[in-house]
Structure formats: C-alpha cells, structure tokens
1. Condition first: more than 12 Å from the ligand (Cβ to nearest atom) and either among the acidic types (Asp, Glu) or surrounded by fewer than 20 Cβ atoms within 10 Å (Cβ to Cβ) (or both). Now tell me which residues in segment 267-286 satisfy that.
2. Quick check, is residue 299 within 16 Å of the ligand (Cβ to nearest atom) and not hydrophobic (A, V, I, L, M, F, W, C)?
3. Return the total of residues in segment 316-339 being among the hydrophobic types (A, V, I, L, M, F, W, C) and near the ligand (Cβ under 8 Å from one of its atoms).
4. Looking at segment 287-301, can you tell me whether even one residue there is surrounded by fewer than 18 Cβ atoms within 10 Å (Cβ to Cβ), without any contact (Cβ under 8 Å) to a residue 24 or more places away in the chain and in contact with a Phe, Trp or Tyr (Cβ under 9 Å, 6 or more places away or on another chain)?
5. Quick one: which helices (runs of 4 or more DSSP H) sit completely within segment 16-109 and have at least 3 residues that are more than 29 Å from residue 139 (Cβ to Cβ) and at pLDDT 95 or above?
6. Have a look at 145, 129, 168 and point out the one that is without any contact (Cβ under 8 Å) to a residue 24 or more places away in the chain and either in contact with a Leu (Cβ under 9 Å, 6 or more places away or on another chain) or basic (Lys, Arg) (or both).
Amino acid sequence: MDLNGKHIVLGLTGGVACYKAAYLCRLLIKEGAQVQVVMTEAAAQFITPVTMQALSNRPVYVSQWDAREPNNMAHINLSREADAILVAPASADFMAKLLHGRADDLLSLMCLARPQETVPLLLAPAMNREMWAHPATVRNVAQLRQDGATVLGVGEGDQACGETGDGRMLEPEELLEDLIAFFQPKLLAGRRVLISAGPTYEAIDPVRGITNLSSGKMGFALARAAYEAGAQVSLVAGPVSLPTPRGAQRSNVRSALEMDAACQAQAEHADVFIATAAVADWRVAQAATQKIKKQAGSGAPTLDFVENPDILATLAAGARARSGVLYCVGFAAESQDLLAQASAKRLRKGVPLLVGNIGPATFGQDENALLLVDAHGAVEMPRNSKLVLARQLVAHIAARLPAA
Ligand code: C5P
C-alpha cells in the first residue's frame, strides 16, 4: 500500500467532478491513507458530506465556524496533521481565491494556514474548457505554481456541459497515481530515461510469427518508477496490451528492427537506457509477403533465420555510452546459475550494470526477484512486486549516475 500512514486532507470545491472525489476517497483509503474530507459549501451542493463521511469514516468539515474542535481552530488542527492537502476538484473560483491568499471558508483558510514546508498543496483543476483556457485561469495556474502549489493536469474529453475539450478533472485512478508519485523521492529529476520493454514479434508471413513470453510488466513498472522519480521517460514497447504508465512517452514497435531503430533514435536524447525488452535473437531472413499455404505431401517449410541487432550492446558501445553520457543497464533472463550468467553477460554487453532474473519465475508475473551485478559485485533484491523492485532499481541506478 503506497500511502500507508499518510494523512491526506481531501478538499472538495464546487463542481460536477465532486462525484469522482467520492471514488478517489475510497482509492486513497484502500492505498492505506487516512483521509480527512473538507468541503466548501459549493461542493456540498454537488455531493453530500454524509456520503463523504461514510466513505472516509470520519466526520467531514465544511464550515470554519464548526464548533466540534475544542479550540475551535479546525483550520489549524486539520492542516497540522496532514502530509498533503489535495483539492479535487479545484474549481476556477477556488484557485482564483487561493491566488489572492483569501480565506473566507474553511478549506481556503486551511490552505493559507498550512505550514508550506511540511504540508504540500496539490490541486486537481476541474472546469469547462473555456474557463480552463481563459487567460485569467492560465495566469492563476502559473502564479499558484510559483507560490509552491502543485497543479496537476486536466483530462480531455466530454464535459458535463456537453462541450468537448480540456478541463475535466483527471480520473480518480490518475489522481491516485499522481499523489503516490508526488511522495516518491525525485532521484532522477532532470534525467531522461529510455526503456525498452516487452517482447518483439518477428513475422514469418502476414499471419504468423515468432515471439516470446515477455509480458512487458517489468519495463512498464520501471517506466512508472522512473517517472515517479522525476525523470522524463520514453518507453519503446513491443506488442503488449498494458496501459501506458502516466507521464511516459510511449512508442509502439513490433519487430526487433523497429525496436532497434526507435531506441537508436531516442537514445540520442537519453541519459539512461534500461533494456528490459526480450528482443528476439533471430528473425526470418525473408518473411513471406503472402500466407504460406499448407500443401498436402510437401511437408513443413524450411525457414532461414538471420541474427537481430543487439540493441543494448550497440548502444553501450556507442560514443555516448563510452564518454559516460548514456548509462546503460541490461537485463538477463536466465533459467539457472544467475550470478555467473549475469556477470558474464554484463561483460559481454559492455554495460556497467546488469540485472539478472529467472525467466520462468518472472514472465507474466506481478512479482519478481532481481540480482544486480556491477563491477564491484552483486546485490540481491528479494522477491517483491515489480513496482517495488522497479523503485529500488531506480534508486540503485540514480546512485550510480554521474552528477547532473
Ligand atoms: O543476450 P540476451 O538476449 O540474453 O541479453 C539480454 C539483454 O540484452 C536485455 O537487456 C535485452 O533487452 C538486451 N538485448 C537487446 N537486443 C537484442 C538482444 C538483447 O537490447 N537483440
């Protein structure tokens, strides 16, 4: 649970998106957070405090005149306990108010009274597309960021008013991911990370091909972990049906040659390359342009294979890696003797860090165990979820990078 022990003040302001805040509240709690809901009176027009109390299992605060707090200072008491205040939805009006330091309701009072150093403020805007695009809102968002608030993005699509465009509140799952990411240490801030993930598919003819059992989950978890750590992430993905991790720029490829071309192009701008992809070692020399037909009595066709380029070894041997600009990390999926195999592969690929794992124990699974091998020796990372391992691996990589 990524929010275990975190105390979150969930602020709701007036907007139709309040209905999404109910589900967000549940998600936060499922992830281990304690949630204290504070609503403006406008928010209470859209969803009742009763609903939010039932979901958060705590009394909801709406008014700064609420006498339940012994010292009658809810704005101080509630904000001092918080690890973050997340206002979702944050209306245009509420943001305009915050910007001026106004504090005529409990939530804005609390935002102003919070200790800025220890209680970060996150805003999830929600409004009509014209309101979002209005110069006043654009100006307010810029100023709020300058004042230290984290203004999250907005979604694009159908709006309650019937119009279509930017300004919807992000979905609860997206807000949850953004909040979890917010709490991760920014070990890769300012770094550009390229990740190859998934299998490749090598066509035999237009309907058949050869591939492997890589699910892409480890690479996608790394993309998420790198983004959480503040990196700009490019993800070159073979054919997998996983959703794109938030913040990652994804390029879909199919064959090893396509993956090679995409990685070569993007590595030009990368500081780190993590090769998690299970690239097919060979491709069919001449893929048939039409389906190869079964012919009675003529037996099975013979296929000739040629070797695929080794993307990792090529990038690791390139000038950018040699001069220390591009830090390359390889993976090895083995079936036994991990330390010896991974150490040999590290030298063969010419990379500073190689991550070994047991293929049959990782393919398709949500958990894995890793063995990190570098010039100084090996570190075991015991079995855990791929996301937890990815975060640990990101920390190891960050510690090995030259100072930015
Ligand atoms: O040689 P092997 O396939 O076991 O090496 C695995 C490592 O090399 C992985 O990091 C994989 O992504 C990378 N690789 C590559 N291009 C290939 C083969 C492997 O980038 N053609």
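1. The first filter runs over segment 267-286 and keeps only residues more than 12 Å from the ligand (Cβ to nearest atom), leaving 268-272, 284-286.
Within segment 267-286, 268, 269, 271, 284, 285, 286 qualify.
2. When the stated conditions are applied, residue 299 does not pass them.
3. Qualifying residue count for the region: 4.
4. There is no residue in segment 287-301 that is surrounded by fewer than 18 Cβ atoms within 10 Å (Cβ to Cβ), without any contact (Cβ under 8 Å) to a residue 24 or more places away in the chain and in contact with a Phe, Trp or Tyr (Cβ under 9 Å, 6 or more places away or on another chain).
5. Details: elements: 18-30, 43-46, 49-56, 74-80, 92-99.
Counting at least 3 such residues, we get 18-30, 49-56.
6. Answer to the check: 145.
The values are calculated or read from the model by the stated rules, or taken from the named source; none is laboratory data. What you are looking at is a predicted structure, and each value in this text was computed from that prediction instead of being measured. Glycine gets a Cβ as well: all are built from the backbone with ideal geometry, and neighbour counts include every protein chain shown.
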